[in-house]
Amino acid sequence: MNRIARLLFAKGIIAVFIGIIFFGSTTRLEAIPAFARKYKTACATCHNNWPELNDFGRAFKMNGFKFPKDDDQFVKDPPLMLGAEAQKEQFPYSIYPGELPIIPIAFRYSGYMTYTSPQPADFTAANGYAPSTTLFSPNTFTIIAAGSFGPSLAFWIDNDLSAGGSGAQGGLGDGYIKANNFLGYAFHVPQNDLNVRFGQFEPDLPFTVARTINLSSYAIFDEAAIAANGTTNNPLVIDVPQTGVEFGGYPNKGNTWWSVSLFDGENSVYGLAAPTTGHNSKDIYVHLQQRFNLESDPSVRKEVQASGTTGVRDHTSLRFDAFGYYGRNELNQDGKLVPGQPTFHEPFYRVGGAFDYKFRNRFELYGLAEYGHDRNHQVNPDGTLSPTSPVTFSGGFVEAEYWVYPWLVGMMRYDAVDSPSDQQLGVSRYDTRSMYEPELEILVRPNIKIEAQYTFNFEQPVPNTTTFYRQNQLITGVDYVF
């Protein structure tokens, strides 16, 4: 796309969304989030399109929310020191000194206008009437606290004060403390090669859902295993925060990434739902990642970020991931599912791979594939149990992002899930359900975004009929942080 074409395209987009800008952003916001205040720097230092991290933001996160080099020289809002440097030499005969960040608080708010394709009369009769258009629906109001307690301890807490509508109940998302360079001093392990975090957090997925730039989640991550024929009832989804402990590290200058997590295995949607499974053993999750820096200049490859005629930019790179989740679903704890039978277990696993190709700050192409498998049982006429066909599903997504300008990003995603059980349970018309989702994001200011996404959805059956319905939807609105 040449310069004139890009300019005309940008003006057209602005014309389309100018009304939304006035509607969704009536108050001018001057404040910026906690890390930007601490270092007196712009959001673009760590983000190309927040909350997505650029190379510097990735290094900042890996280093425990500190600058990768000479952090003390860049801090403009110094922390409160808890103790003196001399106490380090007196340890263990004194408390090891620490620090408190000064007001490490930020807020995020979003709300959207929606248009959904009109429902068939039969669908309305079965599910009730729902208007096709809502002019504005509050989505989430979130408080975020994050920072460091010194050179090797970091913390993160985010809590939705309200979600899913004005005054609706929110809940805790991630809330953890992380020790960077865990036991590194004692065993001479290089910085950040062995870390541990403890608390509640989203599994270390190849692509985060908790801090995604998309207006909708990835369908494969939200897939649960429910048997159409059999006993399997495992609504656990892989992208919801869980409680546990994680060991991980980022050797090879962060180009290699590994983590091993031990979870309680009971998750809920931000605290709103009851635990989805009953475990008497813990679940384990493993993630391995290798990133290849494709910059031709060896000296540039060694830097945190590349640079060129237009300034600092991301490295051109190619990344591969592999991940796996294993657990045991405990059923019939109260004897109601299969009367007369004891509690029984159905092991399950999720495995997958991913890739991410990034060309500077202009283009990114990434995707993921996942396979799920749950052991299943059938109830015999005499009330006993015997193994039967497992519940399985597979699928993934491919997404592309293109920066027309640093403030104008076009995106396209394709989601697909193949689940015979879902088709039999009436979730979709076919075993495979597919979704196309073009999206546009405009950074009106570094901390204010106008977003629009259209979802061309799969066919779902209208209850008690032979007809089918596509619940296509347009979402557009405002998202800002301060």
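The values are calculated or read from the model by the stated rules, or taken from the named source; none is laboratory data. Just so it is clear, the model here is predicted, and its values are computed rather than measured. Neighbour counts run over all protein chains shown; Cβ positions are idealised from the backbone, glycine included. Accessible surface areas use protein heavy atoms only, side chains included; no ligands, DNA or RNA. Shrake-Rupley method; radii C 1.70, N 1.55, O 1.52, S 1.80 Å.
Looking at S389, S307, S394, which is the one that is part of a strand (DSSP E or B), open to solvent by 20 Å² or more (accessible area, probe 1.4 Å) and in contact with a Phe, Trp or Tyr (Cβ under 9 Å, 6 or more places away or on another chain)?
Result of the check over S389, S307, S394: S394.
Would the range 340-348 turn up any residue that is at pLDDT below 95, open to solvent by less than 20 Å² (accessible area, probe 1.4 Å) and either polar (S, T, N, Q) or farther than 23 Å from S281 by Cβ (or both)?
No, that holds for no residue.
Quick grid of which residues meet (1) farther than 21 Å from I144 by Cα; (2) touching an Asp or Glu at 6+ places or on another chain (Cβ under 6 Å); (3) among the acidic types (D, E):
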site: G175; (1), (2), (3): no, no, no
site: L183; (1), (2), (3): yes, no, no
site: F198; (1), (2), (3): no, no, no
site: F221; (1), (2), (3): yes, yes, no
site: A227; (1), (2), (3): yes, no, no
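Which one of these does D160 not meet: (1) open to solvent by 10 Å² or more (accessible area, probe 1.4 Å); (2) in a loop (DSSP other than H, G, I, E, B)?
In the conditions (1) open to solvent by 10 Å² or more (accessible area, probe 1.4 Å); (2) in a loop (DSSP other than H, G, I, E, B), D160 misses (2) alone.
With the condition kept exactly as written, say whether any residue in the range 267-279 is part of a strand (DSSP E or B) and at pLDDT 85 or above.
no
Just name the residue that is least open to solvent (accessible area, probe 1.4 Å) out of those in the range 124-137 that are more than 29 Å from the chain's Cα centre (by Cα) and touching a residue at least 60 places away in the same chain (Cβ under 8 Å).
Checked the range 124-137; the qualifying residue least open to solvent (accessible area, probe 1.4 Å) is A126.
Just to be sure I understand, how many residues within the range 215-256 are surrounded by 19 or more Cβ atoms within 10 Å (Cβ to Cβ) and over 30 Å from P387 (Cα atoms)?
Count: 9.
Of the conditions (1) open to solvent by less than 20 Å² (accessible area, probe 1.4 Å); (2) in a loop (DSSP other than H, G, I, E, B); (3) closer than 18 Å to A210 by Cα, G150 clears all except one; give me its number.
In the conditions (1) open to solvent by less than 20 Å² (accessible area, probe 1.4 Å); (2) in a loop (DSSP other than H, G, I, E, B); (3) closer than 18 Å to A210 by Cα, G150 misses (3) alone.
Run down N48, N54 and say which single residue is in contact (Cβ under 8 Å) with a residue 40 or more places away in the chain, in contact with a strand residue (DSSP E or B) (Cβ under 6 Å, 6 or more places away or on another chain) and farther than 17 Å from A146 by Cα.
Details: N48 fails: in contact with a strand residue (DSSP E or B) (Cβ under 6 Å, 6 or more places away or on another chain).
Result of the check over N48, N54: N54.
Return the pairs, sorted by first residue and then second, in which the second residue is crowded, with 16+ Cβ neighbours inside 10 Å and among the hydrophobic types (A, V, I, L, M, F, W, C), the first residue lies in the range 406-418 and is outside any strand (DSSP E or B), the beta carbons are less than 7 Å apart, and the residues are 6+ apart or on different chains.
Qualifying pairs under 7 Å: W407/I442; W407/L443.
Could you list all residues from the range 222-250 that are touching a strand residue (DSSP E or B) at 6+ places or on another chain (Cβ under 8 Å) and closer than 25 Å to A154 by Cβ?
If the condition is that a residue be touching a strand residue (DSSP E or B) at 6+ places or on another chain (Cβ under 8 Å) and closer than 25 Å to A154 by Cβ, then I238, P241, Q242, T243, G244, V245, E246, F247, G248, G249, Y250 are the ones that fit.
Could you count how many residues in the range 78-123 are under 30 Å from N464 (Cβ atoms), open to solvent by 50 Å² or more (accessible area, probe 1.4 Å) and either among the hydroxyl-bearing types (S, T, Y) or not in a loop (DSSP other than H, G, I, E, B) (or both)?
3
Being open to solvent by 10 Å² or more (accessible area, probe 1.4 Å), more than 27 Å from V245 (Cβ to Cβ) and part of a strand (DSSP E or B): is that true of L318 here?
Numbers: open to solvent by 10 Å² or more (accessible area, probe 1.4 Å): yes; more than 27 Å from V245 (Cβ to Cβ): yes; part of a strand (DSSP E or B): yes.
Taking the combined requirement at face value, the residue satisfies it.
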